[in-house]
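The values are calculated or read from the model by the stated rules, or taken from the named source; none is laboratory data. This one's a predicted model, so the numbers in the text were calculated from it and none came from an experiment. Neighbour counts run over all protein chains shown; Cβ positions are idealised from the backbone, glycine included. Ligands, DNA and RNA are excluded from the accessible area calculation, which covers all protein heavy atoms including side chains. Shrake-Rupley method; radii C 1.70, N 1.55, O 1.52, S 1.80 Å.
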Amino acid sequence: MIAHLYDILALPFVRYAIASLAVGSVVAGILGPFILMRRIGFIVGGISHALLGVVGIGILFGLSPFWMAILGAVFLSLLIAWIERRMGRGYSDFSIAVVWTLGMSLGILSLSRVRGYAPDIVSYLFGNVLLLRGKDVFFASIVAGILILVFGLFYRQMTLICVDEEFATAQGMRVRFFYYLLFTMIGLGIVVLLKAFGIILMISMLIIPSAIASLLVDRLSQVWLVSMAIALFASIGGFFVAYAMDFSVAPVVAILLSLIYLIVLIVKR
Amino acid sequence: MRIDDCCLYVKDLSAGYGGRNVIEGISLCLKRGVFLGLIGPNGAGKTTLFKAILGILPKRTGEVLVFGQPVDIMRSRIGYVPQYLHTDMVVPLSVEEMVGLGLVGRGISVENRRNYIDDVLNRLSLTHLRDRRYTSLSMGEKQRVLIARALVKQPVLLLLDEPTASLDEPSEQGLFSLLEELKQEGITIVMISHDIGVLSRVVDEVACLNRRLVYHGRPGEELAAGIEGAYKCPVDLIAHGAPHKILKEHGE
């Protein structure tokens, strides 16, 4: 059994997959509670689908899909944030829906002008954890490092604008700056997880672990740690289950996370 | 009176939403350690006045000074307790963390931060609730936590927007005892309330707002006379929240 495990871990693609799942768990653990508190879970699906437009335009004009995806995710996050600020809090669903449909429509139009098949867009929107390379893990680690640094410095400010923006203004905080910084970080997190995991697993990882953690503990400081632990447990555990049963990793992890959530919900509520 | 003598100095303040001024030409001076009750009918601009003082709502005219300094400089010493804070049950924030948000941006060390929070939790008898989720508390407990969040920054000026609205009588008495202590310590307090009967027992001054400041003076007989003079309606009606129609009819 142990020897078999060593054999599995000796495979480079397995090591890259596990490393990226671990890094992804950290990213999900950091961002998830903010997405939960701000009630913008819909943003994860919105940006990932709207990226079709940005990456599609990039492919049409021969630009790097990698950089287009990064810049696009940040731009789309900021656009959603800007629309929400103009509309007023509570209208995030509307701002996300606008960006979602705009992005996908632009993507369909631009790709219709691309001659032949556009394989790059498939890899950016439906990434596969088993196809990752060392540089993908490195890039994900860089983004995770940026997130740790930014949230380590400003997590109290970010928390306050999620909980009580009016009080934050009264405190003299630069609310707009932190608001856009939060959305920029969410955009970065989404693009790195999207490339590594694909849409299904990315949405699961960013939403469900923090939702489970918020049912289990009453302190935000604990929610971050518990979210990371749940994401790590479900993703690594799901990876080996999928490997053993010859299933695709993303749906197995997503199902595992969903089941944990439902069980905790039944037990705790 | 010199501006420097005023803890809160407001001159010709106007603010509003869209094309409409909700408050206009507000001027007042509150000395250190004064407890002011702010009354007026719904829509009179009481909360708007707070928001304009705090800079949450941009002022259209006028100036606001705290001990002679612009609010931007003194902001860290102004405590604000909103009427109500809507938070979803899923928000995983403990009482201690909620109170700690009052110190955001103050540049306080972790150890001092802990001491500040301990002190204010102890003072408001909230220590036993420190690890409880904020959203799981009763309305009265939540109100006390929001007051603690305002007090943790050790303000010189405290603005409370209808803090007694969701409190039972013992809690209300507890709050007024606390405010009396704070006043004795030199903190200037402005509290919005609809209950003139209660206010007149605890405040030093009363201001009556109906877009403009229509009365600012001492409570009791003078208050009754002042409000009757300003609104031409009986004070007991104001105290029970019924006179809004009359106020509109007789207001300026």
*Which condition number in (1) modelled with pLDDT of 90 or more; (2) surrounded by 24 or more Cβ atoms within 10 Å (Cβ to Cβ) is the one that residue A:54 fails?*
(1)
*Out of B:168, B:161, which single residue is touching a helix residue (DSSP H, G or I) at 6+ places or on another chain (Cβ under 7 Å), in contact (Cβ under 8 Å) with a residue 24 or more places away in the chain and either within 14 Å of chain A (Cβ to nearest Cβ) or under 10 Å from residue B:95 (Cα atoms) (or both)?*
B:161
*Does any residue in segment A:138-165 that is away from chain B (no Cβ under 14 Å) come within less than 7 Å, Cβ to Cβ, of a residue that is of a type outside the set (Gly, Ala, Ser) and open to solvent by 40 Å² or more (accessible area, probe 1.4 Å) six or more places away or on a different chain, and which pairs are these?*
A:144/A:26
*asked:* Pairs please, first residue from segment A:258-269 and under 15 Å from residue A:227 (Cβ atoms), second anywhere and open to solvent by 90 Å² or more (accessible area, probe 1.4 Å), Cβ atoms under 9 Å, 6+ apart in sequence or on different chains.
replied: A:260/A:233
*Scanning segment B:65-95 for residues that are open to solvent by less than 20 Å² (accessible area, probe 1.4 Å) and within 14 Å of residue B:137 (Cα to Cα), which turns out farthest from the other protein chains (Cβ to nearest Cβ)?*
B:95
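One line per residue, one yes/no per condition, for (1) at pLDDT 85 or above; (2) open to solvent by less than 10 Å² (accessible area, probe 1.4 Å):
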site: A:126; (1), (2): no, no
site: A:130; (1), (2): no, no
site: A:136; (1), (2): yes, no
site: A:169; (1), (2): yes, no
site: A:179; (1), (2): yes, yes
*May I ask you to list the residues in segment B:50-90 that are assigned to a helix (DSSP H, G or I) and of a type outside the set (A, V, I, L, M)?*
B:50, B:51, B:72, B:75, B:76, B:77
_When you scan segment A:83-93, do you find a residue that is at pLDDT 90 or above and crowded, with 24+ Cβ neighbours inside 10 Å, even just one?_
no
*Please go through segment B:126-154 and pick out each residue that is in contact with a helix residue (DSSP H, G or I) (Cβ under 8 Å, 6 or more places away or on another chain), away from every other protein chain (no Cβ under 11 Å) and open to solvent by 20 Å² or more (accessible area, probe 1.4 Å).*
B:127, B:141, B:142, B:144, B:154
*Subset of segment A:245-257 [surrounded by 14 or more Cβ atoms within 10 Å (Cβ to Cβ) and part of a helix (DSSP H, G or I)]*: A:249, A:250, A:251, A:252, A:253, A:254, A:255, A:256, A:257
*Looking at segment B:96-125, which of its residues are within 11 Å of another protein chain (Cβ to nearest Cβ), touching a residue at least 40 places away in the same chain (Cβ under 8 Å) and assigned to a loop (DSSP other than H, G, I, E, B)?*
B:106
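Name the single residue, out of those in segment A:205-233 being open to solvent by less than 10 Å² (accessible area, probe 1.4 Å) and small (Gly, Ala, Ser), that is farthest from the other protein chains (Cβ to nearest Cβ).
Start the filter on segment A:205-233 by keeping residues that are open to solvent by less than 10 Å² (accessible area, probe 1.4 Å), which leaves A:205-206, A:209-210, A:212-214, A:220, A:223, A:227, A:231.
Of the ones still in play, those that are also small (Gly, Ala, Ser) are A:210, A:213-214, A:227, A:231.
Working: A:210: 9, A:213: 7, A:214: 4, A:227: 10, A:231: 16 Å.
Step by step, filter segment A:205-233, then rank; the result is A:231.
How many residues, within segment B:48-63, are over 21 Å from residue B:162 (Cβ atoms) and either surrounded by 20 or more Cβ atoms within 10 Å (Cβ to Cβ) or of a type in the set (Asp, Glu) (or both)? Talk me through it step by step, then tell me what you get.
Residues of segment B:48-63 over 21 Å from residue B:162 (Cβ atoms): B:58-63.
Applying the additional criterion that residues be either surrounded by 20 or more Cβ atoms within 10 Å (Cβ to Cβ) or of a type in the set (Asp, Glu) (or both) yields B:59, B:63.
The number of residues fulfilling the criteria is 2.
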*If a residue has to be assigned to a loop (DSSP other than H, G, I, E, B), modelled with pLDDT under 90 and surrounded by fewer than 21 Cβ atoms within 10 Å (Cβ to Cβ) to count, how many in segment B:1-47 make the cut?*
6
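Looking only at segment A:234-244, count how many residues are among the hydroxyl-bearing types (Ser, Thr, Tyr) and surrounded by fewer than 18 Cβ atoms within 10 Å (Cβ to Cβ). So that I can check it myself, show each step before the final result.
Start the filter on segment A:234-244 by keeping residues that are among the hydroxyl-bearing types (Ser, Thr, Tyr), which leaves A:235, A:243.
Now narrow it down to the ones that are surrounded by fewer than 18 Cβ atoms within 10 Å (Cβ to Cβ): A:243.
So the count comes out to 1.
Listed here are the residues, each with its yes/no results for (1) without any contact (Cβ under 8 Å) to a residue 12 or more places away in the chain; (2) not in a loop (DSSP other than H, G, I, E, B).
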site	(1), (2)
B:128	yes, yes
B:140	no, yes
B:153	no, no
B:176	no, yes
